[in-house]
Amino acid sequence: SALGQLKGDLKTVFLDQHKSMDSSLQAQKVEMNQAKLELERNMLQQENSLGEILKRQEAAMQLQTKALFEEVSHTLVETALAAAEQATKAAVARPFVLQPTASVRHLFQEDME
């Protein structure tokens, strides 16, 4: 009868819509999983990039520290050499006079007598 036919048609339409919605939901789930995986991959890449940047910055700081240490060491050596040179010039410029101590003078006096 017509009512039975209408019920059958409605049931078919309902089942078709349900299948369509179900496959649409499945497709959305797949898309969301793909987007989630893509996001996780991007985050890992950024994390790796940050790790590389930090390693490079640490290496650069070590090089700067080494260069600074070498510069300071060089300056200290230059300063010490300049001070030694000044002391040598001052010693050479000063006349050297031997002044015997009292005990040495006493020995000479005994020998002379």
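From the list R56, R105, the one residue that fits, being at pLDDT below 85 and surrounded by 10 or more Cβ atoms within 10 Å (Cβ to Cβ), is R105. Suppose the filter is open to solvent by less than 90 Å² (accessible area, probe 1.4 Å) and modelled with pLDDT of 90 or more; does V77 pass it? Considered against the rule, which asks whether it is open to solvent by less than 90 Å² (accessible area, probe 1.4 Å) and modelled with pLDDT of 90 or more, V77 comes out as yes. Candidates A87, A27, A91: the one that is among the small types (G, A, S) and either outside any helix (DSSP H, G or I) or at pLDDT 90 or above (or both) is A27.
Each residue in region 30-51 was checked for being small (G, A, S) and at pLDDT 95 or above, and 1 of them qualify.
The values are calculated or read from the model by the stated rules, or taken from the named source; none is laboratory data. As the structure is a computational prediction, the values presented were derived from the model and not from experiment. Heads up, the Cβs are rebuilt from the backbone with ideal geometry, glycines too, and the neighbour counts pull from every protein chain shown. Calculation scope for accessible area: heavy atoms of the full protein, side chains included, ligands and nucleic acids excluded. Shrake-Rupley method; radii C 1.70, N 1.55, O 1.52, S 1.80 Å.
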